[in-house]
Amino acid sequence: MSQNAHFSVNTRLTRLLGETYRSSEVALKELVDNAWDADANNVWITLPTMITGEAIIVKDDGSGMTAPEMLGEYLNIASDKRVRSGDRTAKLKRKVKGRKGIGKFAGLILAGRMEISAIARGRICSLTIDKKELIENQNDLEAVPLPFSEAPFDQAESGTTITLSQLDTRLNFPVSERLREVLVQEYGREADFNVFVDGIRVSLEDVPGTTKRTEHKLPIVGDINLHFTIAEGKKLPKSPGIVLKVDGKVVGKPMFFGLDDDDEIPEKLVKRVYGEVEISGLDDFVTADWGSVIENSKAYQEVQEHVRSVVKVGLQETHVRDMSLQKARLKKQIDQRLQKLPEHRRQYAQEALNRILRRFYMESEERIATIADVALDAIEHDAYWAVLDRIGQSSHGDISSFAESLEQFGLVELSTIAAQTARRLQFLDYLDQLVNNQQTLEKDAHKALETNLWVLGRKYSTMSSNNT
Ligand SMILES: Nc1ncnc2c1ncn2[C@@H]1O[C@H](COP(=O)(O)OP(=O)(O)O)[C@@H](O)[C@H]1O
Ligand SMILES: [Mg+2]
C-alpha cells in the first residue's frame, strides 16, 4: 500500500522549528534519545566519511512504529510525549527524554532527505521527508505530501531505522570521536542500552582522560569490578560520579563513595570522576525500589571503602601529575624573577608558589600566573625598594623634589624600626623561654645569642660572638 501522509501541526511549530543544535553530533543525539524512549536495547549508528558522502544511518531495536503510530504520533509535531504517554517508557520504565515533539527534525538539520522505516507487529512502514519541500512550504506544513508505504514483514523483530541522505556539505560532518564523547556522557554507564558508532560500543573509554579497570574479591560482597575515568580537558562529565550496578542494574544516582568528604582530594578533582562499579548476586543493601543503597549495611560499607580507596589512588596520581605539569609551566614563566631573588627569599617564594598552586588547582593558567606575579611582587619589593627607586629618579631632577624623596626614606625607616621593635620584643619572649628552661645548657644559650648581639646593646649589634 502506498499513499501520501501529512504532518499535523499545532501553533507552536514555527518557534520549534527554529531550534538550534550546538553541533551535528548533538543533533544526532536526538535520534539516539528517540531510540532510548522506544525502549531499544541497542542503537547502531553508521557515519559516512566525508569523501564517500553516503548516508548516516541510525538503527535501533526498539518498539518500532505501526502505521497509525507513524502517521499519528511521529508526524504530530510539537506534541509533548510525556503528556501523551507519561514520563516513563512503556516496557523498561525508563525516564522519557522526549519533550517537545521536534527531535525528529534534528536529522534534517544535517540532511536533505530523511527516510524513516519502522517495523512493528509484523509490518514495516516507511516515510520520506524532503527538506527542500518543507522549507518551501514552511507556512503550510500540513500540505506537504510525504511519501508513505506499508507492507507485511515476516520476522518477529521490531525497531526503527533512520536514513539521512543528501548530507549538507556546508555543515561540519559528524565526527565519530566527538559523537562518542557526546553520547558517553549520558549513555556510557547504561547497562541495557548499548550505543554503537561504526560498530564500536560507546564506553567509559570515550570520556577523554585516564581510565582504570580493577577486579577484586571482597570478604562480604565477593567479586567487585570497578571501572572509571578521570576526565581531562574542558568538557567535564555532565553527571560525574560512580554508578553502582548490582546484577547489571543501576542503583540510584552516581555517587562519590566518600571521596567528596576527603580533605586530601580537591573538590574539583572529585568532580572529574566518571565510572561504574559492579557487583553481583547481592541486593541486601539496595532499597526495595532500587532507588538508593542502605548506607549503614556492612556490605555497602565494604563497597564504599573499596571504591573510595581505589579511586583515591587514581586521583592522587592525577593530582600530583597535574600539579607538577602546572608547576613546570608556571616556573618557566617566572623563573627569571625567581633567580633574581636572594637565596633565602627564593625558598620562601617557592613555598608561596606551591601554596598558590594547591589553592588554585584547576583554575585557568592565566589566573594562576597573575596571582603568582603579584605574590612575587610582594616578595621582591621590600619597603625600601620603591623609595630608593624614587630617590634614584629624582636625583637627576631639581633639588627640592630630591630632598623630598630623601625625606620619604626617613618615613620608611621609622615604620621599619617600629616593625623591627615589635619583632624584637617577640624574640625576647622566646629567648626568655629558652633561658628559663631547666634543660637549656650554656652552649644552647650561646647558640641563640651568637648572631643576636643586639640584645646586649646597640653598639654590639653588628658584631658577632665567638667562643670566648
Ligand atoms: N526511533 C523511534 N522508535 C519508535 N518511535 C519513535 C522513534 N523516533 C520517534 N518516535 C516516535 O515519534 C515521536 C516524535 O519524536 P520526536 O520528534 O523526537 O519528539 P519527542 O521525542 O519529543 O516526542 C516520539 O514521541 C515517538 O513516539
Ligand atoms: Mg525525541
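Per-residue answers, yes or no, for (1) more than 50 Å from the chain's Cα centre (by Cα); (2) β-branched (Val, Ile, Thr); (3) open to solvent by 90 Å² or more (accessible area, probe 1.4 Å); (4) in the same structural domain as Lys340 (by TED's automatic domain parsing):
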| site | (1), (2), (3), (4) |
| --- | --- |
| Thr421 | yes, yes, no, no |
| Leu428 | yes, no, no, no |
| Gln439 | yes, no, yes, no |
| Ala445 | yes, no, no, no |
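When Ile56 is tested against (1) modelled with pLDDT of 90 or more; (2) open to solvent by 50 Å² or more (accessible area, probe 1.4 Å), exactly one condition is not met: (2). In a residue-by-residue description of the range 39-59, the property of being outside any strand (DSSP E or B) and either within 8 Å of ligand 1 (Cβ to nearest atom) or outside the structural domain of Gly159 (by TED's automatic domain parsing) (or both) applies to at least one position.
So if I check each of Arg99, Arg88, Arg84, which one is within 33 Å of the chain's Cα centre (by Cα), within 12 Å of ligand 1 (Cβ to nearest atom) and of a type in the set (D, E, K, R)?
Arg99
For the residues Leu164, Leu183, the requirement of being assigned to a strand (DSSP E or B), surrounded by 20 or more Cβ atoms within 10 Å (Cβ to Cβ) and either hydroxyl-bearing (Ser, Thr, Tyr) or touching a residue at least 60 places away in the same chain (Cβ under 8 Å) (or both) singles out Leu164. Residue pairs whose Cβ atoms lie under 9 Å apart, separated by 6 or more positions or on different chains, with the first residue in the range 421-434 and touching a residue at least 12 places away in the same chain (Cβ under 8 Å) and the second of a type in the set (D, E, K, R) and part of a helix (DSSP H, G or I), are Leu434/Asp444. Checking each residue in the range 93-112 for being more than 16 Å from ligand 2 (Cβ to nearest atom) and open to solvent by less than 90 Å² (accessible area, probe 1.4 Å) picks out Ala111, Gly112.
Within the range 342-388, being polar (S, T, N, Q) and open to solvent by less than 50 Å² (accessible area, probe 1.4 Å) holds for one residue alone: Asn354.
When the test is whether a residue is within 8 Å of ligand 1 (Cβ to nearest atom), at pLDDT 95 or above, in contact with a helix residue (DSSP H, G or I) (Cβ under 9 Å, 6 or more places away or on another chain) and among the polar types (S, T, N, Q), Ser79 does not pass it.
Yes/no per residue for (1) of a type outside the set (A, V, I, L, M, F, W, C); (2) outside any helix (DSSP H, G or I):
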residue: Arg345; (1), (2): yes, no
residue: Ala349; (1), (2): no, no
residue: Asn354; (1), (2): yes, no
residue: Leu357; (1), (2): no, no
residue: Glu363; (1), (2): yes, yes
residue: Arg367; (1), (2): yes, no
residue: Thr370; (1), (2): yes, no
residue: Val374; (1), (2): no, no
residue: Ala378; (1), (2): no, no
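Only one entry of Leu167, Leu127, Leu146, Leu204 meets the criterion of being under 30 Å from Glu278 (Cα atoms) and either within 15 Å of ligand 1 (Cβ to nearest atom) or among the aliphatic types (A, V, I, L, M) (or both), and that entry is Leu204.
Of all residue pairs spaced 6 or more apart or on separate chains, those with beta-carbon atoms under 8 Å, a first member in the range 79-100 that is closer than 15 Å to Trp36 by Cβ and a second member that is acidic (Asp, Glu) and more than 10 Å from ligand 1 (Cβ to nearest atom) are Leu92/Asp192; Lys95/Asp87; Val96/Asp87.
Within the range 61-75, being in a helix (DSSP H, G or I) and farther than 17 Å from Asp39 by Cβ holds for Ala67, Pro68, Leu71, Gly72. Asn296 passes all but one of (1) more than 19 Å from Ala191 (Cα to Cα); (2) within 20 Å of the chain's Cα centre (by Cα); which number fails? Among (1) more than 19 Å from Ala191 (Cα to Cα); (2) within 20 Å of the chain's Cα centre (by Cα), Asn296 violates only (2). When the range 249-297 is limited to residues that are assigned to a strand (DSSP E or B) and of a type in the set (Val, Ile, Thr), the one that is nearest to His319 (Cα to Cα) turns out to be Val273.
The values are calculated or read from the model by the stated rules, or taken from the named source; none is laboratory data. Only a predicted model underlies this, so the values are computations on that prediction, with no experimental measurement involved. As a convention, Cβ positions derive from the backbone with ideal geometry for all residues, glycine included, and neighbour counts pool all protein chains shown. Surface areas here come from the heavy atoms of the whole protein model, side chains and all, with no ligands, DNA or RNA. Shrake-Rupley method; radii C 1.70, N 1.55, O 1.52, S 1.80 Å.
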